[in-house]
Amino acid sequence: MRVVYIGDRAVGKTHLALELANPQGHYVRVSLVNQNYQSLQANLLNLDGTTKPTQTIERRSLNVEVSLPIGISKIPVDWIDSPGELFRRSWQSGNINEWEDFKEIVSKSEGIFLILPPYREILQPHIDLENYITQQQWCNRFNRWANFFIYDCPQARQIVICLNKADLVDCEIEQEISKLNYLPHGSSLNWLQRHNYVINSYFQPVKSELEQINKSRYGLSVRCFITSIYHRSLLELPWIYLANYLV
């Protein structure tokens, strides 16, 4: 199975994947081929803990193990990290070969992660809004993603869309974690209920676009999550979901 991470620049997609490899996991464990967590940190992070910008398309092999009630589900993953600028038309026109190569990779991928930033209107009052786009800009970008999924991802069976940096959103994060939390023998919500709750709480502005993606091809499922590198249970949820449905 190949899983592709995509997202705009500075949305935290690299840090999100890095922290998944942190050995202090609950239900998800990750081993890196020819690397450990510390060496990966050194390669991807600056001295101040910020992530280094991804300049070129990079591929890393991960082995993801998810503990399920029926046993361990093993998912070999081809982590494909890309520059955030890759989805800007100016980058595509100036890097035609890389863009075509990337589309070729994505076209054969069964699982896709889209990492989105929060938009200004849902942020906590003390957050510097200049670092984030407006809801209208966020919706405009999402329209491009929707078209990309519909026309350029023919092999995808599962598309996971994550609203990242949930710790910055104006919500009671601990209550959200409690509601969405995965428990092997009796979570309060099933996967569809989680998806619907997240859509109605965080993705309402693009609900119709999400429905269009879901209806674009038989056998395709789109599921939405909120994620944060500071809350392990939220970080693991998309992978636990994939372990159930993409094996």
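The values are calculated or read from the model by the stated rules, or taken from the named source; none is laboratory data. Just so you know, these numbers come straight off a predicted model, no measurement behind them. Virtual Cβ from ideal backbone geometry, glycine too; neighbours counted across all protein chains shown. Side chains are part of the model used for accessible areas, which takes the heavy atoms of the whole protein and leaves out ligands, DNA and RNA. Shrake-Rupley method; radii C 1.70, N 1.55, O 1.52, S 1.80 Å.
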Would you pick out the residues in the range 42-51 that are open to solvent by less than 80 Å² (accessible area, probe 1.4 Å) and free of Cβ contacts under 8 Å to residues at least 24 places away in the same chain?
ALA42, ASN46, GLY49, THR50
Does ILE133 satisfy the condition of being closer than 25 Å to VAL198 by Cβ, at pLDDT below 95 and surrounded by 14 or more Cβ atoms within 10 Å (Cβ to Cβ)?
yes
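So that you can scan it fast, the table gives a plain yes or no per residue for (1) under 24 Å from VAL169 (Cβ atoms); (2) surrounded by 12 or more Cβ atoms within 10 Å (Cβ to Cβ); (3) over 20 Å from the mean Cα position of the chain (by Cα):
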site	(1), (2), (3)
SER73	no, yes, no
ASP81	no, yes, no
ILE122	yes, yes, no
LEU129	yes, yes, yes
TRP145	yes, yes, no
How many residues does the range 99-114 contain that are assigned to a helix (DSSP H, G or I), open to solvent by less than 30 Å² (accessible area, probe 1.4 Å) and in contact (Cβ under 8 Å) with a residue 40 or more places away in the chain?
4
Residues satisfying the stated conditions in the range 1-27, i.e. touching a Gly at 6+ places or on another chain (Cβ under 6 Å), closer than 24 Å to LYS74 by Cβ and among the charged types (D, E, K, R):
LYS13
Can you run down the residue pairs with Cβ atoms below 9 Å, 6 or more apart or on separate chains, where the first is in the range 222-240 and under 17 Å from SER187 (Cβ atoms) and the partner is charged (D, E, K, R) and in a strand (DSSP E or B)?
PRO238/ARG223
Take SER39 and decide whether it is modelled with pLDDT of 80 or more and over 19 Å from SER228 (Cα atoms).
yes
Residue satisfying condition, being out of contact with any Cys (no Cβ under 7 Å at 6 or more places or on another chain), in contact (Cβ under 8 Å) with a residue 12 or more places away in the chain, more than 22 Å from SER233 (Cα to Cα) and not in a loop (DSSP other than H, G, I, E, B), within set SER67, SER39, SER61, SER73:
SER61
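Residue by residue, here is whether (1) free of Cβ contacts under 8 Å to residues at least 60 places away in the same chain; (2) surrounded by fewer than 16 Cβ atoms within 10 Å (Cβ to Cβ); (3) closer than 17 Å to TYR245 by Cα; (4) out of contact with any Lys or Arg (no Cβ under 7 Å at 6 or more places or on another chain) holds:
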residue: ILE159; (1), (2), (3), (4): no, no, yes, yes
residue: LEU168; (1), (2), (3), (4): yes, no, no, yes
residue: ILE173; (1), (2), (3), (4): yes, no, no, yes
residue: GLY186; (1), (2), (3), (4): yes, yes, no, yes
residue: LEU192; (1), (2), (3), (4): yes, yes, yes, yes
residue: PRO205; (1), (2), (3), (4): no, yes, no, yes
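Every residue, every condition in (1) modelled with pLDDT of 85 or more; (2) more than 20 Å from ALA17 (Cβ to Cβ); (3) surrounded by fewer than 16 Cβ atoms within 10 Å (Cβ to Cβ), yes or no:
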position: PRO76; (1), (2), (3): no, no, yes
position: GLY94; (1), (2), (3): yes, yes, yes
position: ASN97; (1), (2), (3): yes, yes, yes
position: LEU116; (1), (2), (3): yes, no, no
position: TYR119; (1), (2), (3): yes, yes, no
Run GLY25 past the list (1) touching a residue at least 40 places away in the same chain (Cβ under 8 Å); (2) within 24 Å of SER228 (Cβ to Cβ); (3) not in a loop (DSSP other than H, G, I, E, B) and report the number of the one that doesn't hold.
(3)
Would you be able to say whether some residue in the range 205-220 is modelled with pLDDT of 95 or more, hydroxyl-bearing (Ser, Thr, Tyr) and in contact with a strand residue (DSSP E or B) (Cβ under 8 Å, 6 or more places away or on another chain)?
no
